[in-house]
Amino acid sequence: MGLIKSIKNEIAVVKERDPAIHSSMEVFLYPSFRVMISYRIAHKLYMKKHYFLARWISQRAVRKTGIEIHPGAVIGEGFFIDHGNGVVIGETAEIGNNVTLYQGVTLGGTGKESGKRHPTVCDNVMISAGAKVLGSFTIGEGSKIGAGSVVLEAVPPHSTVVGVPGHVVNRKNSVMPRETLDQTDLPDPVQEDIMTLKKENSELTTRLLNLEDEMRSLKRSVDAGQK
Ligand SMILES: CC(C)(COP(=O)(O)OP(=O)(O)OC[C@H]1O[C@@H](n2cnc3c(N)ncnc32)[C@H](O)[C@@H]1OP(=O)(O)O)[C@@H](O)C(=O)NCCC(=O)NCCS
């Protein structure tokens, strides 16, 4: 893709994704916009093995934006970093389309792997402020990672993960961050499981009481027959 097309795409992404924007000119002030233009150029140079020049451009972008994207990372269309400061994306990270990151996110390695050592993030994923995703596993499509989480293993598609270490609290979320930017109003699978267990428990109790009644009347008939 040519640079002009890249710039147009990045402008469209920022305008679409940030509800706080008031005019097109503001796009040029966004760290996400600036870093992505640098990244697209640096990535092309990296692919042509101009490693020093690629790193020079990306390190310059770090100083201007506070966002460090290694030029070797592979990033799809519609990528947006809100606020941005403190974001780090490692060399072997792969990011699908329409992914949103917030400030302070790390897509990093654990230091224990070689080769592919950074995460693969599928389409429509949202990674909240301060979350650390460490390792070469995959974050499934449409998943949300909660603020401050430390995610150390694969996340199934359409899941919400929170905590340290990260654990799944919602597996049925099909609301895409790109469509709604809704960060809170999601179904609660734990509550749903509790309600199902309560219902089953109540049905079992009723069946047990009926069985006890039947046993008692059977015993009464047997006793009456013996007399
Ligand atoms: C995770 C998130 C994306 C969506 O959460 P959700 O699916 O609606 O989950 P809920 O709010 O129902 O919470 C489910 C459980 O996880 C907990 N939880 C939610 N977010 C959490 C987080 N970041 N860290 C730890 N626990 C969290 C809740 O307390 C709740 O626990 P409980 O069941 O014991 O009460 C949201 O909480 C979040 O972190 N948003 C941050 C977005 C962001 O970065 N904004 C920055 C803008 S500048």
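The values are calculated or read from the model by the stated rules, or taken from the named source; none is laboratory data. Please read these numbers as outputs of a predicted model, since none were measured by experiment. Cβ coordinates were reconstructed from backbone atoms using ideal geometry, including for glycine residues, and neighbour counts include every protein chain displayed.
Does Pro71 fit the bill of being closer than 17 Å to Ala93 by Cα and not in a helix (DSSP H, G or I)? Yes, satisfied.
Based on this model, can you work out whether His118 counts as in a loop (DSSP other than H, G, I, E, B), surrounded by 22 or more Cβ atoms within 10 Å (Cβ to Cβ), in the same structural domain as Phe28 (by TED's automatic domain parsing) and more than 14 Å from the chain's Cα centre (by Cα)? Against the criterion (in a loop (DSSP other than H, G, I, E, B), surrounded by 22 or more Cβ atoms within 10 Å (Cβ to Cβ), in the same structural domain as Phe28 (by TED's automatic domain parsing) and more than 14 Å from the chain's Cα centre (by Cα)), His118 qualifies. Applying the criterion of being farther than 24 Å from Lys112 by Cβ and of a type outside the set (A, V, I, L, M, F, W, C) to the residues of segment 147-158, the residue that is nearest to the ligand (Cβ to nearest atom) is His158.
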